[in-house]
Amino acid sequence: MVDEVILSAKDICMDFSSVRVLHNVDVQFEKGMVYGVVGENGAGKSTLMRILSGFLQPTRGDIFIEGHKVQLNPLKAKEYGIILIPQELNLVDSLRVYENVFLGSEVRKGFFLNRSSMIEATRRYMQQLSLRIDPQTYVSELSPAQKQMVEIVKAISKSVKILIMDEPTSSLSQEEISKLFDVIRSMKNSGITVVFISHKLKEVKVVTDSLIILRDGRKVHEGKTKELSERQIAELMIGRKIDEMYPPKLSPSNELILQVKNLTTKDGTVKNANFEVRKGEILGFYGLVGSGRTELMEAIIGVRKVDSGQILLNGKQVKIESPQDAKKLGIVYLPEDRKTAGIILSLQVFMNTTIMSLEKFSKVLLGRRREIETFRNYEKKFDIKTRTPFQLAKTLSGGNQQKVVISKLVNTGAKIFIFDEPTRGVDVNAKHQIYEIMHQMIKEYDATFVVVSSELPEIIGICNRIMVMRSGEITACISGEQISEKNLIYHATGLEEGDSYKG
Amino acid sequence: MILIKDKWTFKLNLSKYIIVFILVALMIFSGILSPAFLKPRNILNIFWQTSYVGIIAIGITFVMIAGGIDLSVGSMVALLGALAIQSVNKFGDSALSVFLSILLTYGLGILLGFGTGLLTTKGKIPAFVTTLGGMAIYRSLVLNFANGGVYMTISRKYSDIGMKFVLGLPLPMIVFIAYAIVAYILLDKTKFGRHVYAVGANETAALYSAIKVDMVRTLTYVVSGVSVATSAVLLSSMMSSVSSSSTGNGFELDAIAAAVIGGTSLSGGKGSVFGTFFGALILGVINNMLVMLNVAVYLQGMVKGLIIIAAVLLQNLRKE
């Protein structure tokens, strides 16, 4: 059988404000196959997919459809049958399912909309994928999984040839994921090519035929999925042996530094949370999206209203009603979304380092020279790559931005660091360095860390103990030998592994 | 490595001083069109006339960098000016009376700025709405008190302020320059100023960085109130009067225009006192030129409008 290549790209390069995020990537996709595009956060998966679906113009390189060179934009790509379902779904919550499916291509009867035919068509598509969603419900009433399905139906209604799904499983339960996989298989059988982006290896192993592995913007592997083990995939993704990625764990003292007792937030996102952290420890928080991890951290540093509960610092009860209070007590927070909450992109890098501790540089007027000296210190210590302290933070790569945010927190003199997804959107090398920085801080400054992470290898690789959360509650505290992917997933989902994934 | 660094700083400086080049080019151009333009007396006049809006524009720069807007400044000039004049009239023609009246004017300016700030931050009302409301309320109040007419004073001591010359330069011009220097230091060299930028550029990141976001925002409106009070005292003393219907009309637009021409971003996070200072002067030169070239009075607004749009367009093009 001759394999039919329907989409290929050659020598794709992409620069964002002079930072190269894709380096000479070649890919090709054949009809009726399921491809996995894997790589760590920040490896360039989403950027590549946005280029293939016309949302971004590559800095260099060509795209071919059925052998013909094309210039893509989102509309053209849609005409060719290339559809991207982004991680943040593109549905209008206030419209009904069928209205979303036909958004922009409404069926009309004369001047008026032909509702009944659109509803009927939507119902047919649903049956085709053996889904049961009423076309007339409002999208706002659907679960995340159902919304995902509506996106797929929308794609099918546009006679999709290549469906690209960007991390479709990130907010789905195991059960919903296996349903999604059924849908992917039935699409494959009807000749649709599916490109599945993920960094969850188990899912990739189960559902894909072929794999493209990206690391730091480069394609490092391409081949049949069944030829690689999960561990091999992981090592290709991070570019080194797993054991070398994480520095050997340190042993914390027995001294309790932070205790949280019966903490419940006003909005109910966190219920009755209890945990304690020891001096010099790295305590992990694992859970699915929406499990309340970030909300718990926000409550601790005073940006989310607390209904009841206590926080004890060195055994003494403290009151934290704002990040200012938290900072005074030596507790600082690295937010999960660097661009919207961590770094100030339009401010010069040295200003980002000092913005949280300006009182150290001024009585009345700011001592700019000392600010710059301070930045230079961190630049050396954390290996922050900049051209000058005066360049805007937006011109740095993700990893360097994150190191700047960390330098901002460290410079406050805090002892307790709450890191929420500290390595999201950061390249492999910088990731490794961030772990090293954490260890260095534990050794040199007596620092203590609470780390929220969705990346299993990371949380397993660096934490002394791991708290698992599910729908606002802490469901387990796992330590030592008990730390394993299987155990974490079990407590995060409440399902035994293997309950799902059955094809 | 050193070479790259130098190139970088040079590039930064160039974009900062480009506005000065534009002003100089504009002045040379005006001088060619009308030789009377470059006479020292005319230049001094431009500076003088620009001072009133210029001072307000400096205040609005703080507000805009922090991500807000202040539309109430024009009406506030009339209200504060009326207060100053009526107080002087009440207290009599003495130095103490003038001092007390000015103090009172500043007091009200600070109070109104603080109120606007609280409503926008704690009341979570968009700044556009609070200050649009303020614009209507202040104007209506002053119209009501003055019955639509004009407040006048015969106090010599008070009128002397606005007409005073120091070292051959008009006082409003000196105040404008001094005010710009102080504001520059406040915005560029203090913790408060840095926080203003941070809040406007990324409110969430500022919040997580333990910055008192609401407080910083509120204080920018206080800065704006102080600027309006300064301008109101200078203007009402120079005129010895305040017209309830026309004083300060259109000041908000001119002030915002000056800031925007000077590179202040309407969405916050960007801008400088330096830019606004020269932006105001550019606007002043254009105004003067339009008069000298006998452009129909009614068309002058159009020219100004076009220039503001062009300034923003230019900045966007330069970004790309």
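The values are calculated or read from the model by the stated rules, or taken from the named source; none is laboratory data. Just so we're clear, the structure is a prediction, and the values are computed from it rather than from any experiment. Cβ placement follows ideal geometry from the backbone for every residue including glycine, while neighbour counts extend to all protein chains displayed. All accessible areas refer to the heavy atoms of the entire protein, side chains included, with ligands and DNA or RNA removed. Shrake-Rupley method; radii C 1.70, N 1.55, O 1.52, S 1.80 Å.
Things to note:
- Scattering profile of region A:319-366 at q = 0.17, 0.18, 0.32 Å⁻¹ [log10 I(q)/I(0), Debye over alpha-carbon scatterers]: -0.64, -0.71, -1.13
- Rounded to the nearest angstrom and listed largest first, the equivalent-ellipsoid semi-axes of region A:1-137 from its Cα gyration tensor are 33, 18, 16.
- Relative frequency of Cα-Cα separations exceeding 22 Å in region A:318-404, percent: 31 percent
- Largest GNM mean-square fluctuation across B:221, B:151, B:298, computed for chain B with C-alpha springs under 10 Å, falls on B:298.
- For chain B, averaging the sequence separation of C-alpha pairs within contact (under 8 Å, six or more residues apart) and dividing by the residue count gives a relative contact order of 33 percent.
- For residue A:218, the amide hydrogen comes within under 5 Å of the amide hydrogens of A:23, counting only partners 5 or more places away or on other chains and with H modelled in the peptide plane.
- Farthest toward the positive end of the dipole of region B:38-319, out of B:137, B:163, B:180, is the Cα of B:180, where the dipole comes from beta carbon charges about the Cα centre.
- Residue B:91 accessible area, 1.4 Å probe, all protein chains in place, Å² to nearest 10: 100 Å²
- Taking amide H as placed 1.01 Å from N in the peptide plane, the amide H of residue A:343 sits under 5 Å from none that are at least 5 places away or on another chain.
- Solvent-accessible surface of the protein assembly as shown, averaged per residue with a 1.4 angstrom probe and all protein chains in place: 44 square angstrom.
- Here the average projected area of the convex hull drawn through the C-alpha atoms of the protein assembly as shown stands at 42.6 nm².
- Legend: translational diffusion of region B:180-277 by Stokes-Einstein, Rh = Kirkwood radius over C-alpha pairs, 20 °C, 1.002 mPa s; D = 144 µm²/s.
- Integer Hz, Karplus 6.51/-1.76/1.60 couplings in order for region A:22-39, x for Gly and Pro: 10, 10, 6, 8, 10, 9, 8, 10, 9, 5, x, 10, 10, 9, x, 10, 10, x
- Three-way shape label, region A:369-503, alpha-carbon gyration tensor, a/c 1.5: prolate
- Taking the protein heavy atoms of region B:38-319 in the context of the full set of protein chains, the accessible area attributed to carbon and sulfur is 71 percent at 1.4 Å.
- Debye, to nearest 20: dipole size of chain B, +1 on Lys, Arg Cβ, -1 on Asp, Glu Cβ: 520 debye
- Tensor-based shape of region B:38-319 (alpha-carbon gyration tensor, a/c under 1.5 rounded, otherwise prolate or oblate): oblate
- Across region A:323-329, computed HN-Hα scalar couplings (Karplus, 6.51 cos²θ - 1.76 cosθ + 1.60, θ = phi - 60°) run x, 5, 4, 4, 4, 4, 7 Hz from first to last residue, x flagging Gly and Pro.
- Charge dipole magnitude, Cβ of K and R +1, D and E -1 - the protein assembly as shown, Cα centre, debye nearest 20: 1900 debye
- Just so you know, the Rg over Rh for region A:116-266 is 1.11, from Cα atoms, with Rh as the Kirkwood radius.
- Relative contact order computed over chain A (Cα-Cα under 8 Å; 6+ residues apart), in percent: 16 percent
- Options B:119, B:232, B:221, ranked by Cα towards positive dipole end of region B:38-319, top entry (Cβ charges): B:221
- Listed residue (B:263, B:198, B:32) projecting farthest to the positive dipole end of chain B, Cβ model: B:198
- With Cα atoms as the point set, the radius of gyration and Dmax of region A:279-343 evaluate to 12.6, 35 Å.
- For the pair B and A, the buried accessible area comes to roughly 2500 Å² in total, with a 1.4 Å probe and the value rounded to the nearest 100.
- If you count Lys pairs in region B:38-319 whose Cα atoms are under 25 Å apart, skipping same-chain pairs closer than 8 places in sequence, the total is 18.
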